[in-house]
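> What follows is a structure written as structure tokens; I'll ask about it next.
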Amino acid sequence: MSHNGLLYIETVGCQMNVLDSELVVAALRQQGYSLTPNVAQADTVLFNTCSVREHAEQKIYSQLGRLKYARRKRPQQVIGVIGCMAQKDQDLIFQRAPHVDLIVGTGQLGEIPRLVDAARATRKRQTALSLDRREGSRSEVAASFESYDPLRDPEMRPSPWQAYVRIMIGCDKFCTYCVVPMTRGPEQSRPPRDIIHECTRLAEQGVREVTLLGQTVNSYKFTQDGRLWRLSDLIAAIHEIPAIQRIKFVTNFPKDMTDDLLEAVRDLPKLSRYLHVPMQSGCDEVLKRMKRGYTAADYRDMMDRVRATIPDCAISSDFIVGFCGETEESFQKSVDAVREYRFKNSFIFKYSPRSGTKAFELLADDIPEDVKRRRNHELLAAQTAISEEDNADFIGRKVEVLVEGPSKRAARGLSDDALPGWHGAAGPPLPTANGSSHDHDRDDFVPLSVIHSNDNVGGSTGWHALSEERTKGVANVAEAPPSLSTGSSSVLQLTGRSRCDRIVVFDGNLRLVGTLADIEIDDCTPTTLIGRIVTREIQHGSSALLPILA
Ligand code: 5AD
Ligand code: SF4
């Protein structure tokens, strides 16, 4: 059956999902598809989904509901649900949304081009799923989850100088609240040689910053040619790639934060001095019920080691409020932890019971919604006050920023050709940025950081929205005073991140994008440092000075 080759893809969730969508889109583009931001025009519609909280799933079902009647008028259309929800809910999705044609789990994404064709040709439902964790031995289940990392199409990255690189898939921690071990399967590290090859290729394509992804990235382990590689060994090797300027990794598991890794962050200049290490709760009883495998005192020891080794390292955390049996006293321990550790930011979630998890089976979801909501606000307020105070310390200081692109305000005023190869807010639609409710995040351009967090949903590979109950001004988004310039052809408001991962906005020339610039900080909000350029930078690979404020 013929079709118009237009693909609409909507992505919710974590960076893993963003990367998966990038790769799926690249594969479909090779088959001649092109992206459209308009679902009504697309003969192929994919939802790359998240199951971490119920809200994320409900939104996908309502999106699917909206397509039901349009689908009848478009017999050539194929609608697919891919990713975590597909793996978790499987045939249930066909029951709830009978017009869906395709269900493909996280471990089978390579099958999508073939299955889209098959669904259209046969008009029969197509399914590709990995085994459930109880359906086979660990190695059988692991074999059914394939790491999907084909060679990249540089066109498909949201920005040409930044890329996600998956270094492992899956998770074996089985925290009692979490679906990720089910939706992403057993923990499996990728071979170092594949990862280094991928980073080298990305560097050749112009990438300057790589973010290494894993659900528990610091648990990375791989024995290659008789040598054991840990994360610290891997980042040391990636550090050798000359064109790579910045290396980040998310998300860390507190118990696996070893000294060799902290020393690597301390000693290797290209490493961001930033660690995302979710604490989840400050209370031992809650941590035990969550089966996190550490106590509040263990977390404190870990933080003491981080501070002793890398005093200027920024730390961010995740917290769940209203987990089963969380008393007011337990909750206050999370507030105390936020105050004690002064996180750069925290991502705060109301507990959402998920079928298939131990907490869902064994523990009552006994904290009323209004209490969850109030705790969410309270923890967020504590965090926001700290973020603002700590950002204020930067005023008058100079920070080195890797320039990412126009700020959201400036991006709105740009034409599509302003930055060739750049797929930010002013460019073609991002494969990931469509349709969710937190609009204040969604249409921002803070490359690779918030575009995907439009619903605060996803796996735990690093989180960039601060709170489900956030109402204003605390998104991890470059917010800047309206007085700064926008849309000018030569100078406009740019955004980037400091070495400790703080968002910085400043005025400068677009040609700075992808370079390091020194910025003097004049002002701040809880989420953003606001400053001006103080140095001229030499463009990579060129001896010419850039006109910075032409
Ligand atoms: N309910 C609420 N938050 C959850 N998270 C994971 N599972 C749940 C759940 N069932 C949060 C954790 C994790 C982040 C990615 O999402 O804080 O670190
Ligand atoms: Fe694994 Fe993180 Fe989920 Fe725990 S919260 S099971 S470590 S993905």
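A short reminder: the numbers here are calculations on the coordinates, not readings from a lab. Only a predicted model underlies this, so the values are computations on that prediction, with no experimental measurement involved. Cβ placement follows ideal geometry from the backbone for every residue including glycine, while neighbour counts extend to all protein chains displayed.
> Rounded to the nearest angstrom and ordered from largest down, what semi-axes does the equivalent ellipsoid of the stretch 189-231 get from its C-alpha gyration tensor (root of 5λ)? Before the final figure, lay out the partial values.
Working: eigenvalues 86, 38, 8 Å².
Equivalent-ellipsoid dimensions as semi-axes: 21, 14, 6 Å.
> With no solvent and one point per C-alpha, what does the Debye sum give as log10 I(q)/I(0) for the stretch 323-406 at q = 0.20 Å⁻¹?
The computed values of log10 I(q)/I(0) come out as -0.95.
> Arrange the following residues from fewest to most other Cβ atoms within 10 Å of their Cβ: Trp161, Trp229. Before the final figure, lay out the partial values.
Working: Trp161 25, Trp229 21.
Final ranking by Cβ density, sparse to dense: Trp229, Trp161.
> Let me ask something else. In which sequence would Leu362, Leu516, Leu213 go, from the one with the fewest C-beta neighbours within 10 Å to the one with the most?
On the way: Leu362 10, Leu516 18, Leu213 24.
In order of increasing Cβ crowding within 10 Å: Leu362, Leu516, Leu213.
> Where Rh denotes the Kirkwood radius from the mean inverse Cα pair distance, what is Rg over Rh for the stretch 106-207?
Taking Rg over the Kirkwood Rh, I get 1.04.
> Using Cβ contacts closer than 10 Å as the measure, can you line up Ser355, Ser317, Ser147 from fewest to most?
Details: Ser355 13, Ser317 25, Ser147 19.
By the 10 Å Cβ count, ascending: Ser355, Ser147, Ser317.
> Using a cut-off of 14 Å between alpha-carbon atoms, which aspartates and glutamates can reach Lys288, once sequence neighbours fewer than 8 places away in the same chain are excluded?
Asp298, Glu326
> Which distance in Å, rounded to a whole number, links the C-alpha centroids of the stretch 50-111 and the stretch 189-251?
Rounded to whole Å, the Cα centres lie 33 Å apart.
> At 0.36 nm per residue, and after removing the present C-alpha to C-alpha distance, how many nm does the segment from His99 to Arg511 gain when stretched out fully?
Details: separation 412, 0.36 × 412 = 148.32 nm, distance 4.69 nm.
Once the chain is fully extended between His99 and Arg511, it gains 143.6 nm.
> Thinking of the stretch 234-344 as a set of Cα atoms, what percent of all their pairs are more than 21 Å apart?
Numbers: 2398 of 6105 pairs.
Considering the stretch 234-344, 39 percent of its Cα-Cα pairs are separated by more than 21 Å.
> Right, here's the next one. Going highest first, how would you order 284-295, 67-78 by mean Cβ packing within 10 Å?
Values: 284-295: 18.2, 67-78: 15.2.
Ranked by mean Cβ neighbours within 10 Å, highest first: 284-295, 67-78.
> List, in the order given, every pair from Lys59/Lys270; Lys173/Lys408; Lys59/Lys255; Lys291/Lys344; Lys291/Lys408; Lys173/Lys248 whose Cα-Cα distance in the structure shown is over 32 Å. Kindly include the intermediate steps, with their values, before the conclusion.
Numbers: Lys59/Lys270 39 Å; Lys173/Lys408 37 Å; Lys59/Lys255 34 Å; Lys291/Lys344 25 Å; Lys291/Lys408 40 Å; Lys173/Lys248 22 Å.
Correct reply: Lys59/Lys270; Lys173/Lys408; Lys59/Lys255; Lys291/Lys408.
> When averaged across all projection directions, what area in nm² does the alpha-carbon convex hull of the stretch 143-195 cover? Intermediate results must be reported in sequence, preceding the final value.
Values: hull surface 19.9 nm².
Its average projected convex-hull area is 5.0 nm².
> What translational D, rounded to a whole number of µm²/s, comes out for the stretch 209-267 from Stokes-Einstein when the hydrodynamic radius is the Kirkwood one over Cα pairs, at 20 °C and 1.002 mPa s? Spell out each step's value before the answer.
Details: Rh = 11.9 Å.
Estimated via Stokes-Einstein, D reaches 179 µm²/s.
> Quick check: convex hull over the Cα atoms of the stretch 161-279, volume per residue in Å³, rounded to an integer?
Working: hull volume 12.7 nm³, N = 119.
Hull volume normalised by residue count: 106 Å³.
> Hey, can you rank 100-107, 220-227, 148-155, 499-506 by average C-beta count inside 10 Å, highest first?
On the way: 100-107: 25.5, 220-227: 13.2, 148-155: 15.5, 499-506: 23.9.
Going from most to least packed, we get 100-107, 499-506, 148-155, 220-227.
> Also, I was wondering about something else. Where the Cα atoms of the stretch 17-110 are projected onto their three principal axes, how long is each span, largest first, in whole Å?
33, 31, 20
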